[in-house]
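Visitor: This is the structure I want to talk about, given as structure tokens.
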Amino acid sequence: MAPLLVGITIVCFVVIHLAPGSPTDLQTDLNPRVSAEAKARLQSMYDLDKPLYKQYLLWVGKLATLDLGKSFSTDHRPVIDKIMERIPITIIINVLSMALIILVAIPLGVLSAVHQNSLFDKVTAVFVFIGFAVPTFWLALLLMILFGVHLDWLPISGIRSLNYEYLPPFAAFTDLLKHLILPVLLSAFGGLAGLSRYMRSNMLEVIRQDYITTARAKGLSEWVVIYKHALRNALLPVITILGLSIPGLIGGSVIFETIFAIPGMGQLFYMSVMSRDYPVVMGILFIGAVLTLIGNLIADLSYAVADPRIRIA
Amino acid sequence: MAMAGGIVVILLFIVSLLASWISPYDPNEINLHEVLSNPSFAHLFGTDQLGRDVFSRMIWGAGISLKVGFVATGVAICIGVILGAIAGYYGRWVDTVIMRFVDIMLCFPAFFLILAVIAILEPSIWNIMIVIGLTSWMGITRLVRADFISLKERDFVQAARAIGASDLRIIFRHILPNAMASVLVAATLGVAGAILTESALSFLGIGVQPPTPSWGNILTAGKNNIDIAWWLSLYPGLAILITVLGYNLLGEGIRDSLDPRLK
């Protein structure tokens, strides 16, 4: 855990220093009135005049107090504030799509394993293969054209309607839901295919184990054999897979939040990349990796809860 | 199914090699009399907001996708094979350091890392290819390392060592050829992944820069004209889907034929 965190900070630091010239050039080059002294003052403000290892230590020291510096954009707000106000919506969307993935993919995988080679299994396999290959941003475009433009059922941008503040509480809630349907559905889509396929192969492996034969030999009903004995064991590795899928989900939020104009961390990242707002870019890069790390930690812990054998080790 | 995948892959090669002969129009020829015209016989897939022929742009885009897919995967394989071989062969602290590095890289949402680097180094097709490669080698490293750990104890390696072969020779001449099968599968699937990533980047305007045609940046035009020009959104995405599907099927086919147990 700790070495990984240190590694993350080093990678972030290296990425910042890939930049040719210094990050302050952006603020000074375009402005002819900036003198050499002012440039030097700016450089020392960002500690750019010190040796690299010192810069790194200073930077990590600031990180430890969650000081990610100030944005280069015209508002000059602290990076951490800009990120924090946008993180909740990103996390809500990712948690919802994770829940959707679990709710759909696991039954799908179990059913296609239990009915191996049936029509259902084959249809699911085709769906899974296409799911792997579909560029989800394209699917987003198509669904926007269908539901947003032609059918006019769902809004295609933002998370709230313009009249949100004047809506009664229930209508406001459904308004929010309507805005979230497409983004959540689409960010879940990629993970769905992967997890259901994984679940299927896990289940197939478990069903062939001796203890399943024993359970059947005891005369237990097929329902109990599959859903009590087999499912529990097949579910264990899924926890790890869910943990591993977190970076993909977080990374995908850049695409969906940009397409659907959702004011989350992904959109902030995109805007900062486009405007070369380095402090914000680095801040989000770091926070994104830390979120992944936390996700993996939660996965490890829940694995221990689910499987008593792990706890001893 | 693997055959179908193979055919798609070969067809794409042919299309991109013959692009200048088979594309009906110059992909960058602007025609302001025919802005956003519907698909017709003259323009099979319609025209874009500058009146350029979408069909021709997609034919040229095929070559771009292929180039990005192969170069990015090439970079990923070079790094992955070398690090994986060193980690698996030498073991001990070398292994620990390399695998820890892999774990660290896996913590970063790949898309974040790519965007961050692109933000710093100007988006250009070469930067895109290299950066995609630099962020997708981890899986290959793990595969190669696992192969090396089991292969290095085998008799033929002991024999090579007994006749005094150098480490370098053992790694590259004796062990690596035996580990190439899984690398080949990973590479085929990797090309598909790189093509998807490139199209997403180009769609966001951070990938292949206009006027160079790419499937992803045609889709950007599709999004900007979402309520009037569906053809700009439909066809390039379909092309990406079919291409990626082709590489995935081919990769799975190779895997099954190399190791029937995995079926």
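Visitor: Taking B:Asp256 as the residue in question, decide whether it is more than 11 Å from every other protein chain (Cβ to nearest Cβ), surrounded by fewer than 17 Cβ atoms within 10 Å (Cβ to Cβ) and either closer than 25 Å to A:Gly131 by Cα or touching a strand residue (DSSP E or B) at 6+ places or on another chain (Cβ under 7 Å) (or both).
Guide: In short, yes.
Visitor: Okay, moving on. I'd like to check which helices (runs of 4 or more DSSP H) are fully inside segment B:52-123 and have at least 1 residues that are more than 14 Å from every other protein chain (Cβ to nearest Cβ) and under 25 Å from A:Ile241 (Cβ atoms).
Guide: B:54-90, B:92-107
Visitor: Can you tell me which condition A:Ile159 does not meet? The list is (1) of a type in the set (A, V, I, L, M, F, W, C); (2) at pLDDT 80 or above; (3) surrounded by 20 or more Cβ atoms within 10 Å (Cβ to Cβ), and all the others hold.
Guide: Of (1) of a type in the set (A, V, I, L, M, F, W, C); (2) at pLDDT 80 or above; (3) surrounded by 20 or more Cβ atoms within 10 Å (Cβ to Cβ), only one is false for A:Ile159: (2).
Visitor: Now a separate question. Identify, from the list B:Thr243, B:Thr197, the residue that is farther than 21 Å from A:Ser187 by Cα and either of a type in the set (Ser, Thr, Tyr) or within 17 Å of the chain's Cα centre (by Cα) (or both). Step through it out loud before you land on a result.
Guide: On the way: B:Thr197 fails: farther than 21 Å from A:Ser187 by Cα.
Of B:Thr243, B:Thr197, the one residue that is farther than 21 Å from A:Ser187 by Cα and either of a type in the set (Ser, Thr, Tyr) or within 17 Å of the chain's Cα centre (by Cα) (or both) is B:Thr243.
Visitor: Within segment A:224-233, can one find any residue that is in a helix (DSSP H, G or I), under 24 Å from A:Leu96 (Cβ atoms) and at pLDDT below 85?
Guide: Among the residues of segment A:224-233, at least one is in a helix (DSSP H, G or I), under 24 Å from A:Leu96 (Cβ atoms) and at pLDDT below 85, which makes the answer yes.
Visitor: Give just the number: which of (1) away from every other protein chain (no Cβ under 14 Å); (2) more than 28 Å from A:Tyr278 (Cβ to Cβ) does A:Ile80 not satisfy?
Guide: Looking at each condition in turn, A:Ile80 falls short on (2).
Visitor: Residues to consider are A:Leu285, A:Leu268, A:Leu231; find the one that is surrounded by 15 or more Cβ atoms within 10 Å (Cβ to Cβ) and either touching a Pro at 6+ places or on another chain (Cβ under 6 Å) or farther than 28 Å from B:Leu121 by Cβ (or both). First the steps, then the outcome.
Guide: On the way: A:Leu285 fails: either touching a Pro at 6+ places or on another chain (Cβ under 6 Å) or farther than 28 Å from B:Leu121 by Cβ (or both); A:Leu268 fails: either touching a Pro at 6+ places or on another chain (Cβ under 6 Å) or farther than 28 Å from B:Leu121 by Cβ (or both).
Result: A:Leu231 is the single residue among A:Leu285, A:Leu268, A:Leu231 that is surrounded by 15 or more Cβ atoms within 10 Å (Cβ to Cβ) and either touching a Pro at 6+ places or on another chain (Cβ under 6 Å) or farther than 28 Å from B:Leu121 by Cβ (or both).
Visitor: Quick check on this structure: which one of B:Ala194, B:Ala239 is in contact (Cβ under 8 Å) with a residue 60 or more places away in the chain, within 11 Å of A:Pro135 (Cβ to Cβ) and more than 9 Å from chain A (Cβ to nearest Cβ)?
Guide: Being in contact (Cβ under 8 Å) with a residue 60 or more places away in the chain, within 11 Å of A:Pro135 (Cβ to Cβ) and more than 9 Å from chain A (Cβ to nearest Cβ) holds for just one of B:Ala194, B:Ala239, which is B:Ala239.
Visitor: A further question on this structure: State yes or no: is B:Gly222 under 18 Å from A:Phe132 (Cα atoms), assigned to a helix (DSSP H, G or I) and either more than 8 Å from chain A (Cβ to nearest Cβ) or in contact with a helix residue (DSSP H, G or I) (Cβ under 6 Å, 6 or more places away or on another chain) (or both)? Break it down into steps so the answer makes sense when it comes.
Guide: On the way: under 18 Å from A:Phe132 (Cα atoms): no; assigned to a helix (DSSP H, G or I): yes; either more than 8 Å from chain A (Cβ to nearest Cβ) or in contact with a helix residue (DSSP H, G or I) (Cβ under 6 Å, 6 or more places away or on another chain) (or both): yes.
No: the conditions fail for B:Gly222.
Visitor: Let me ask something else. What about B:Thr73, is it out of contact with any Pro (no Cβ under 8 Å at 6 or more places or on another chain) and surrounded by 18 or more Cβ atoms within 10 Å (Cβ to Cβ)?
Guide: yes
Visitor: Let me ask you something else. Which of the residues spanning segment B:206-236 are surrounded by fewer than 24 Cβ atoms within 10 Å (Cβ to Cβ), out of contact with any Leu (no Cβ under 7 Å at 6 or more places or on another chain) and either within 20 Å of B:Ala4 (Cα to Cα) or in contact (Cβ under 8 Å) with a residue 40 or more places away in the chain (or both)?
Guide: B:Gln209, B:Pro211, B:Thr212, B:Asn224, B:Trp231, B:Tyr235
Visitor: If you take the residues of segment A:263-280 that are over 16 Å from A:His76 (Cβ atoms) and touching a helix residue (DSSP H, G or I) at 6+ places or on another chain (Cβ under 6 Å), which of them is nearest to the other protein chains (Cβ to nearest Cβ)?
Guide: A:Val273
Visitor: Same structure again: Is it fair to say A:Ile255 is of a type in the set (Val, Ile, Thr), in contact (Cβ under 8 Å) with a residue 24 or more places away in the chain, facing another protein chain (nearest Cβ under 8 Å) and assigned to a helix (DSSP H, G or I)?
Guide: Yes.
The values are calculated or read from the model by the stated rules, or taken from the named source; none is laboratory data. Everything numeric in this text was worked out from a predicted model, so none of it was measured. Positions of Cβ are generated from backbone atoms using ideal geometry, with glycine treated the same way; all protein chains shown enter the neighbour counts.
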